Amino acid sequence: MILKIAQLGQPVLRLVAQEIPVEEILTDEFQALIDNMLETLDEEGGVGLAAPQVFASRRMFLAEIAPPEEEDDEALLEVFVNPTVVPLTEETEAVWEGCLSFPELQVLVPRCKGVRIDYHGADAQPRSLELWDFAARVVQHEYDHLEGILTLDRAESTRDIVKTSEIDEVRKLYDAK
Ligand code: NI
């Protein structure tokens, strides 16, 4: 089932999401939420989706942890339940990010280049990953959703918030710097 995505202004996007009891992960209801979120992300074509974005204020998100190398390759999608994120370096990088809760905007967001993420998988097993660059960025973006934080809050200047329709022009200027 395709779920409705909460758009900027919906209070659920600003809540701190609730922990999920580990014994709940394997319930039909929670597995259905995961399946519906996977279907919704596939439909929308994003690289990540957090439960608060589908009006479920729970600590769970989906994230692409490897970008497709060829266009036909399936992205590697992981389910993260009750994640904690620890930086692995002080090095940061600023990249333009979109968000399915306000697809009309792109925001230049500085983020840590590497993180360790500890979490439970969709099978309720504890897991840990060290992620860098694109994957590290996606999980930091999605983790922020669990804390009620949006890319807009991470912009260093309001000049770093632009319309998606103009992003090619913006990138040209930005790359020329
Ligand atoms: Ni987002």
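The values are calculated or read from the model by the stated rules, or taken from the named source; none is laboratory data. Owing to the predicted nature of the structure, the values given are computational and were not obtained by experimental measurement. Because the Cβ atoms are built from the backbone with ideal geometry, glycine has one as well, and the counts that use them run over all protein chains shown. Ligands, DNA and RNA are stripped out before the accessible areas are found, and what is left, the full protein with its side chains, is counted by its heavy atoms. Shrake-Rupley method; radii C 1.70, N 1.55, O 1.52, S 1.80 Å.
Charges on Cβ only, +1 for Lys and Arg, -1 for Asp and Glu, centred on the Cα centroid of the chain; of P87, L26, F61, which one is farthest towards the dipole's positive end? Checked the options; the winner is P87. Judged by the ratio a/c of the largest to the smallest principal axis of the C-alpha gyration tensor, region 4-73 counts as oblate, that ratio being 1.5 or greater while a/b is no larger than b/c. Toward the positive end of the charge dipole of the chain, about the Cα centre and with charges on Cβ (Lys, Arg +1; Asp, Glu -1), which of A124, V138, V109 goes farthest? Comparing the listed Cα positions along the dipole, V109 ranks first. Long hydrophobic helices in the chain, taken as whole DSSP H segments with a C-alpha length of 15 Å or more on their own axis and mean Kyte-Doolittle hydropathy at least -1.0: 28-44, 133-146. Peptides 47-55, 3-11, 35-43, 77-85 ranked from most to least packed give 47-55, 77-85, 35-43, 3-11, packing being the mean of other C-beta atoms within 10 angstrom over each peptide's residues. Could you compute the net charge surrounding F80? Neighbours are other residues with a C-beta less than 10 Å from the C-beta of F80; K and R count +1, D and E count -1. Once all neighbours under 10 Å are counted, the net charge is -1.
In a reduced charge model with +1 at each Lys and Arg Cβ and -1 at each Asp and Glu Cβ, region 5-133 shows a dipole moment near 880 debye about its Cα centre.
Between rounded, prolate and oblate, where does region 54-164 land on the alpha carbon gyration tensor, with a ≥ b ≥ c its root eigenvalues, rounded for a/c under 1.5, else prolate if a/b exceeds b/c? Taking the square roots of the gyration eigenvalues as a ≥ b ≥ c, region 54-164 is rounded. Counting only protein heavy atoms and a 1.4 Å probe, the chain has 55 square angstrom of accessible area per residue.
For the chain, the 222 nm mean residue ellipticity estimated from helices alone, with every DSSP H stretch of n ≥ 4 adding -39500 (n - 2.57) and the total spread over all residues, rounds to -7500 deg cm²/dmol.
Surface composition of the chain: carbon and sulfur make up 49 percent of the accessible area, probe 1.4 Å. Only Lys, Arg, Asp and Glu carry charge here, each on its Cβ (+1 for the first two, -1 for the last two); on that basis region 68-133 has a dipole of about 560 debye about its Cα centre.
With K and R counted +1 and D and E -1, the other residues having a Cβ less than 14 Å from that of D123 yield a net charge of -3. The magnitude of the dipole of region 100-177, with charges of +1 and -1 set on the Cβ of Lys/Arg and Asp/Glu and taken from the Cα centre, is near 240 debye.
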